[in-house]
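Chemist: Have a look at the structure that comes next, please.
The values are calculated or read from the model by the stated rules, or taken from the named source; none is laboratory data. All values derive from a computational prediction rather than experimental measurement. Reconstructed Cβ throughout: ideal geometry from the backbone, glycine too, with neighbour counts over all protein chains shown. Please note that ligands, DNA and RNA were not included when accessible areas were found on the heavy atoms of the full protein model with its side chains. Shrake-Rupley method; radii C 1.70, N 1.55, O 1.52, S 1.80 Å.
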2 protein chains.
Amino acid sequence: MNKSLLSAISVIVIFICNSFGTAVAAEQQAVKQHPSLVITAQDVVDMRSEIARDGRFKKEFQDKKSQLDSKLALPKQVPVPRDSGGGFTHEVHKNNAQSMYDAAIIYQLTREEKYANYVRDMLFLYADMYPGLPLHPQRKTDSVISAGKLFWQNLNESVWLVYVIQAYDAILPALTTSERKTIETGILRPVALFLSEGSPHTFNTIHNHATWATCAVGMTGYVLNEPEWVEQALYGSDKSGKGGFLRQLDELFSPQGYYNEGPYYQRYALLPFVTFAKAIAVNEPQRNIFSYRDGIVLKAVNTTIQLSYNNLFLPINDAIKDKGLNTIELVNGVAIAYSVTKDAGLLSIAKQQDKVILTGDGLRIAQALDQHLEQPYPFTSMVFQDGAKGDEGGLVVMREKDQALVFKATAQGMGHGHFDKLNWLFYDKGAEIVSDYGSARFLNVEAKFGGRYLPENDTYASQTIAHNTLVVDETSHFNGDTSVGNENHPDLLYFANKDGLKISAARVDNAYSDVEFVRTMAQIHHKQLAHPVVLDVLTVHSNNVHQLDLPLHYKGHLMDTNVALDTATQRLAPLGKKNGYEHLWLKATAKAAMPVSQITWLHDNGRFYSLSTISRADMKILFTQIGANDPLFNLRTENAFILRIPSAKQAAFVSVLEPHGEYNPVSELTFTANSQVKNITHQQVGDIDQVSLEFINGPKLLLLLNNAKAFDEKKLNKVKIGGKQYSFRGRFHLIDLTDN
Amino acid sequence: MNKSLLSAISVIVIFICNSFGTAVAAEQQAVKQHPSLVITAQDVVDMRSEIARDGRFKKEFQDKKSQLDSKLALPKQVPVPRDSGGGFTHEVHKNNAQSMYDAAIIYQLTREEKYANYVRDMLFLYADMYPGLPLHPQRKTDSVISAGKLFWQNLNESVWLVYVIQAYDAILPALTTSERKTIETGILRPVALFLSEGSPHTFNTIHNHATWATCAVGMTGYVLNEPEWVEQALYGSDKSGKGGFLRQLDELFSPQGYYNEGPYYQRYALLPFVTFAKAIAVNEPQRNIFSYRDGIVLKAVNTTIQLSYNNLFLPINDAIKDKGLNTIELVNGVAIAYSVTKDAGLLSIAKQQDKVILTGDGLRIAQALDQHLEQPYPFTSMVFQDGAKGDEGGLVVMREKDQALVFKATAQGMGHGHFDKLNWLFYDKGAEIVSDYGSARFLNVEAKFGGRYLPENDTYASQTIAHNTLVVDETSHFNGDTSVGNENHPDLLYFANKDGLKISAARVDNAYSDVEFVRTMAQIHHKQLAHPVVLDVLTVHSNNVHQLDLPLHYKGHLMDTNVALDTATQRLAPLGKKNGYEHLWLKATAKAAMPVSQITWLHDNGRFYSLSTISRADMKILFTQIGANDPLFNLRTENAFILRIPSAKQAAFVSVLEPHGEYNPVSELTFTANSQVKNITHQQVGDIDQVSLEFINGPKLLLLLNNAKAFDEKKLNKVKIGGKQYSFRGRFHLIDLTDN
């Protein structure tokens, strides 16, 4: 039997199934198949055949059905809206949307009327209540977030409709004309119109809240046969293209698919993008939505995956550090993307997610995993440019062996952005080694500030000192003003990856009024090194003297220093008074050791890490611990040390971070517990930074950098070092001086 | 071909193999087969056949051979002894013993002469050097640990010989008579005699160092055909039985196989016990060594396993917390025990260990695992009595679901014991929830006090305040004097396990001169509770007023308290001046909340934990963090809170520890973040403690305890509570008052 014949028969079969007992309705509906949003009628045929076979998909179907059956045994609740986020009525309405969605899926898979009836009866209750509802009593009147009716903010109302319209789409063939009318006029149309015409500010803005709104309204337009609503969802209320889904795709992602707020919110924002895109592809394939803007939707999915280490998202900006690839948004994203691309690399992500979703896309993932088709996902070293045009800095990720070096030269990232220009993170052997605090928040824990962002998110976590980058005069970048931050961004000078060297540099001229700083970060792999090392060259220029602090937040236990610690053994006091400094206990101070200061710590992963920094006579090292001015124990106890130059116009912080050795108390094996860095030197002559690195029984390297503002790619740079002349074109030149 | 015929042929085959190229030697040796210690000639036949087949054993053989081959390519080093533990000559000699052992095994498996020659040539070098050696230059003259010659302490010399004699036993058939003579007279006999006749203090003591010595000397006796040495190893130098291996078996373990120093050192001590026992069983099966003292060797292996949670040893006393079931000592112990018992539960431990050893016992494990014969290991709730007669207290382990409650009513545990009478630990959902610091040590990390026990092991980790038990007047038990501690022990009153209740009580009258305390710990499982809860009733009696502190070291992040925290936000100071208090920063204080004080924390395992304690008007709660007076950052930053009664003659600390709810930031799910304890009451009337527990939407329980010193098992206890009369016989009575 050939494929198209089979497909034709399937359509007939589904038509017969759908029409069973609802002949009149089915007849009228025959012009348009249902479901037809994320799940198609053909998907239903495939899914029904799949649940007859043992495998991942069938197991998930059985689990979901049994969970749902217990839910269906409880009385339906559709309470008058009263509570804000997390409160009773909020949670009930959220849950109802999910239950209706699940019941509609199970209805399609089983054809048992009770599931369709559950959705129908629930929607009757909503249709009865909704038209009379005023704006939500808990709405925020002074907020940019617009009010809803069922919920305190219309964002939640959009999310609700995204689930409910899919549920309705799936049970529609089971309804009589009059039932449809009751539901459509009582609840679906009023909500859709409230979200579009009734909330133009949200609907037309370029923001992820608007993505949910346009997704909800557009999908409702498809189901209720209102092409005008679809047009509005795509192009904005006035169909001018100044707002709407396509404009959001143009502006909310960079050309690489990077989302301005960072991977934690990218993950959250992803769901309405992939959901609506899928619905558009199903209903209007001619729009080629997955090819729009060079495939931006798929790039967004892939970028979300790339911006992770050991399954967890890189926790830049406001981020809860437990979130990772197994979040439900990315499970959906991977399923939809795999359906489009059949990229076997996505399967290994899906396998790690270990969650099956009951859609046609979920089915294709489950079948492919049952057949062991997965291939390793190609995590790569690259720059993820920031800004709609890709010209507002970027996030650089360098990977080598089991390391990842993250260099954050992005723009501010709106309200959830941190004041951390040119911050860096480092991962090795499965673990965070040089860390970012992420956000200060215990999600949904009522006792912790209602589960919202804690006050310490502003006073500590987003401040510059909480990151691994330059703090001038104990003041955060942009003086801690988000709106100023949003108007500025670093200049990413370059990123390169060749011959065992990954390197990038960026410049910031606007974080402080009279201070410029340039940072070069490199990941250097050499055959004589057991592990790649990180080189960090941060140079600072000002016309005035300033105090310069460069913190490094390390994970692990301090093992050794070559500096003499003056430890506060009898009394701890905060390091400063404001901008996050008030939250740091000063545990010890040390004068830098000449010529190189070394600090070694041991991570729980059993490896040692040393930072070796070129010292200056006036440099101090401050060892700190989070916890001061924290009356309710809201902050985690974490450690850092700060390289401090008390007073300088010009300075260079030049350091090597080096993983080394092993601590294995199980086998009682300890080796190479000490740094293998022998010496580091740096001097700047003209535009050229000359950095030399020498390792004990290891390589000797010379790195030449040109980070000049006025830079000519074609010009030949020439330097004379130790009587020898070197010349190179471009931003950098690595010379291996190792004796062989 | 029947089995015995096959076996006979095998013996002939091995005889032929052994004799190949060394005919004369083999002829003389025919009276005694080699090897014949832990590995037998029959084992060798089986192992050679096994490496022809793909499986765990073959893989390990290939790995080991390839590691060894790279080692054999290096020049042999047998340096004149110079360095103490961890130093160069120390490590070289340690390594040489291991390499000779490995080469001898590989020789038996491959019959390649180069492996036998490696061992022979290495032994020649030792035979050349050893007879002229003085005592080791780094020996400790004031130590109870006797000096060695190759090593600074003769413990290491014993360990060295244990490996080397097994290596010699395996290559012996490949040697000529004159080669044997050179080796035996030059090194094997001198070392054995040095360890027995030359070091009588070590050899005859009842201590694990002596176990290594007797193991080494006894096995050498078997190989060199010196039955007198075997007798001395078994019964002491004078063969009186006052010393020697059998006496060690009598005295170093309790009847349950508990080793006085705790599981960390039990694991270490285990290896010479199982090794020598195996050699005895092979050479003199008539001794029935594995049945000796009701099977004490096998009990010791099983007890070591039982005293673990989630594969890690319970870290009481001096213990490095990373050590667990996968340590090589226990890999050997499990293999030898499995060979004797064929207990399939041991296989699941071996499977988790994931290490194969190249012995006959290792082979039997590998084959059984290849055949998937493993069964779950039966972790049980029981008391492990302490003391040779089992009358010196004990360690109580209570398990339920994924919980383990550990109640430490053991004796002091010699030099590695901590001052922590009636301490407790609690594990749940795979993690340590109420913790013990273990030892303060970074094993073999030179920068950390040479890798030895840190000074803070004495000043902090072994002090009472570092544990979860009563501290009177900021002074440790036995005033921190180990010798006094060793002369005393708690009285373990009882342990019982019935009807969902596991309960134990113990009394201490000797830790303080005028203070007695009794502690009852129970793990209560009830169908209306989501998780079992822990009840802790600690009563204190004195004729004088004292300050009473009861610390609880919790793992996780403080979430909520019903007490008002007065937090030190601007300045931290140490809690006290000595006995460990000087290492604690006082972070906050609170007055107890009437009637019950509640403190809730969140563990990384995603579960909440609350301690609810009956308050007194004068009770304070102090929140502390480790780190004061720690100039070199030697201590880990960990948290505790201390229930403090400032001045009292009599007091009761009555608390419930309750796991509850879930924090799942991945699915954004948080539930039951608050304690479900509604009320707790306690009163003592006569000998009877009456404790009532009431939970929100949960059970109401009444527990009656009789912890009296003068106790009559047969007497009927009678109490009247709320007008109702209760009577019971025995130590305790649990009454379920839940409304049903």
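Chemist: Away from chain B (no Cβ under 14 Å) and part of a loop (DSSP other than H, G, I, E, B): is that true of A:L358 in this structure?
Modeler: yes
Chemist: Determine, yes or no, whether B:A368 is part of a loop (DSSP other than H, G, I, E, B) and free of Cβ contacts under 8 Å to residues at least 40 places away in the same chain.
Modeler: Answer is no for this residue.
Chemist: Pick from the range A:391-401 the residues that are closer than 21 Å to A:S308 by Cβ and modelled with pLDDT of 95 or more: which of them is nearest to the chain's Cα centre (by Cα)?
Modeler: A:L395
Chemist: Residues that are within 14 Å of chain B (Cβ to nearest Cβ), surrounded by fewer than 22 Cβ atoms within 10 Å (Cβ to Cβ) and within 24 Å of A:L703 (Cβ to Cβ): does the range A:561-572 have at least one?
Modeler: yes
Chemist: Identify, by number, the condition in (1) in contact with a helix residue (DSSP H, G or I) (Cβ under 6 Å, 6 or more places away or on another chain); (2) within 14 Å of chain B (Cβ to nearest Cβ) that A:K421 doesn't meet.
Modeler: With respect to (1) in contact with a helix residue (DSSP H, G or I) (Cβ under 6 Å, 6 or more places away or on another chain); (2) within 14 Å of chain B (Cβ to nearest Cβ), A:K421 is out only on (2).
Chemist: On to the next question. Hey, can you tell me all the residues within the range B:383-403 that are hydrophobic (A, V, I, L, M, F, W, C) and open to solvent by 10 Å² or more (accessible area, probe 1.4 Å)?
Modeler: Hits for the range B:383-403 are B:V383, B:A388.
Residue-by-condition table, conditions (1) touching a residue at least 40 places away in the same chain (Cβ under 8 Å); (2) in a strand (DSSP E or B); (3) of a type in the set (S, T, Y):
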residue	(1), (2), (3)
B:V563	yes, no, no
B:A588	no, yes, no
B:F623	yes, yes, no
B:N629	yes, no, no
B:N634	yes, no, no
B:F641	yes, yes, no
B:S647	yes, yes, yes
B:A651	yes, yes, no
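Chemist: Among the candidates A:K720, A:K709, single out the residue that is at negative phi, loosely packed, with under 14 Cβ neighbours inside 10 Å, part of a strand (DSSP E or B) and of a type in the set (K, R).
Modeler: A:K720
Chemist: Determine whether the range A:609-620 contains at least one residue that is part of a strand (DSSP E or B), farther than 30 Å from A:V445 by Cα and within 14 Å of chain B (Cβ to nearest Cβ). Outline the logic, then answer.
Modeler: Within the range A:609-620, the first condition is being part of a strand (DSSP E or B), and the residues that meet it are A:609-614, A:620.
Those still in the list that are farther than 30 Å from A:V445 by Cα too: A:609-614, A:620.
With within 14 Å of chain B (Cβ to nearest Cβ) added as a condition, the list becomes A:609-610.
Within the range A:609-620, one or more residues are part of a strand (DSSP E or B), farther than 30 Å from A:V445 by Cα and within 14 Å of chain B (Cβ to nearest Cβ).
Chemist: So in the range B:653-662, with the set limited to residues that are assigned to a strand (DSSP E or B) and within 13 Å of another protein chain (Cβ to nearest Cβ), which one is surrounded by the most Cβ atoms within 10 Å (Cβ to Cβ)? Can you show your working first?
Modeler: Keep residues of the range B:653-662 that are assigned to a strand (DSSP E or B), which gives B:653-660, B:662.
Right, trim to within 13 Å of another protein chain (Cβ to nearest Cβ) and you get B:660, B:662.
Details: B:H660: 20, B:E662: 17.
Applying the filter and picking the extreme gives B:H660.
Chemist: Here's something else I'd like to know. Filter the range B:539-556 for residues that are open to solvent by less than 30 Å² (accessible area, probe 1.4 Å) and within 12 Å of chain A (Cβ to nearest Cβ) and give the result.
Modeler: B:Y554
Chemist: What's the number of the only condition in (1) surrounded by fewer than 23 Cβ atoms within 10 Å (Cβ to Cβ); (2) touching a helix residue (DSSP H, G or I) at 6+ places or on another chain (Cβ under 8 Å); (3) more than 11 Å from chain B (Cβ to nearest Cβ); (4) among the charged types (D, E, K, R) that A:K591 fails to meet?
Modeler: (2)
Chemist: Could you please give the count of residues in the range A:147-187 that are among the β-branched types (V, I, T) and either out of contact with any helix residue (DSSP H, G or I) (no Cβ under 6 Å at 6 or more places or on another chain) or open to solvent by 20 Å² or more (accessible area, probe 1.4 Å) (or both)? Show your work before the answer.
Modeler: Here is the first cut: in the range A:147-187, the residues among the β-branched types (V, I, T) are A:159, A:162, A:164-165, A:171, A:176-177, A:182-183, A:185, A:187.
Then keep just the ones that are either out of contact with any helix residue (DSSP H, G or I) (no Cβ under 6 Å at 6 or more places or on another chain) or open to solvent by 20 Å² or more (accessible area, probe 1.4 Å) (or both); that gives A:159, A:176-177, A:182, A:185.
Qualifying residue count for the region: 5.
Chemist: Another one. Can you go through B:N457, B:N479 and tell me which one is part of a helix (DSSP H, G or I) and over 25 Å from the mean Cα position of the chain (by Cα)?
Modeler: That would be B:N479, the only listed residue that is part of a helix (DSSP H, G or I) and over 25 Å from the mean Cα position of the chain (by Cα).
Chemist: What helices (runs of 4 or more DSSP H) completely inside the range A:3-108 contain at least 2 residues that are at pLDDT 95 or above and surrounded by fewer than 17 Cβ atoms within 10 Å (Cβ to Cβ)? Give the derivation first.
Modeler: Numbers: elements: A:3-19, A:23-29, A:41-50, A:56-72.
Ranges flagged: A:41-50, A:56-72.
Chemist: Anything in the range A:321-335 that is in contact with a helix residue (DSSP H, G or I) (Cβ under 7 Å, 6 or more places away or on another chain) and either open to solvent by 10 Å² or more (accessible area, probe 1.4 Å) or within 14 Å of another protein chain (Cβ to nearest Cβ) (or both)? List them, or say none.
Modeler: Those that are in contact with a helix residue (DSSP H, G or I) (Cβ under 7 Å, 6 or more places away or on another chain) and either open to solvent by 10 Å² or more (accessible area, probe 1.4 Å) or within 14 Å of another protein chain (Cβ to nearest Cβ) (or both): A:K323, A:L325, A:N326, A:T327, A:E329, A:L330, A:V331, A:N332.
Chemist: OK, next. Does the range A:723-735 contain at least one residue that is closer than 27 Å to A:H546 by Cα and modelled with pLDDT of 95 or more? Don't jump to the end; show me each part of the working.
Modeler: Filtering the range A:723-735 down to residues closer than 27 Å to A:H546 by Cα leaves none.
Within the range A:723-735, none of the residues are closer than 27 Å to A:H546 by Cα and modelled with pLDDT of 95 or more.
Chemist: Next question, about the same structure. If a residue must be of a type outside the set (D, E) and without any contact (Cβ under 8 Å) to a residue 60 or more places away in the chain, how many such residues does the range A:677-696 contain?
Modeler: Selection size over the range A:677-696: 8.
Chemist: Among the numbered criteria (1) open to solvent by 10 Å² or more (accessible area, probe 1.4 Å); (2) in contact with a Gly (Cβ under 8 Å, 6 or more places away or on another chain), which single criterion is violated by A:W585?
Modeler: Result: A:W585 passes all but (1).
Chemist: When the residues of the range B:427-454 are narrowed to those that are touching a Phe, Trp or Tyr at 6+ places or on another chain (Cβ under 7 Å) and more than 13 Å from every other protein chain (Cβ to nearest Cβ), which ends up most open to solvent (accessible area, probe 1.4 Å)?
Modeler: The selected residue is B:Y427.
Residue-wise test of (1) at pLDDT 95 or above; (2) more than 14 Å from every other protein chain (Cβ to nearest Cβ); (3) assigned to a loop (DSSP other than H, G, I, E, B); (4) buried (at least 22 other Cβ atoms within 10 Å of the Cβ).
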| residue | (1), (2), (3), (4) |
| --- | --- |
| B:I503 | yes, yes, no, yes |
| B:R519 | yes, yes, no, yes |
| B:H531 | yes, yes, yes, no |
| B:K577 | yes, no, yes, no |
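Chemist: Give just the number: which of (1) open to solvent by 20 Å² or more (accessible area, probe 1.4 Å); (2) part of a loop (DSSP other than H, G, I, E, B) does A:L492 not satisfy?
Modeler: Tallying (1) open to solvent by 20 Å² or more (accessible area, probe 1.4 Å); (2) part of a loop (DSSP other than H, G, I, E, B), A:L492 fails exactly one: (2).
Chemist: Would a scan of the range A:243-250 turn up a residue that is under 19 Å from A:T205 (Cα atoms) and open to solvent by 40 Å² or more (accessible area, probe 1.4 Å)?
Modeler: yes
Chemist: A further question on this structure: Residues being within 14 Å of another protein chain (Cβ to nearest Cβ) and at positive phi: count how many of those fall in the range A:663-705.
Modeler: Counting residues in the range A:663-705 that are within 14 Å of another protein chain (Cβ to nearest Cβ) and at positive phi gives 2.
Chemist: Could you identify the single residue in B:A409, B:A461, B:A466 that is touching a Pro at 6+ places or on another chain (Cβ under 6 Å), buried (at least 23 other Cβ atoms within 10 Å of the Cβ), among the small types (G, A, S) and away from chain A (no Cβ under 14 Å)?
Modeler: Values: B:A461 fails: touching a Pro at 6+ places or on another chain (Cβ under 6 Å); B:A466 fails: touching a Pro at 6+ places or on another chain (Cβ under 6 Å).
Just one listed residue meets the conditions, B:A409.
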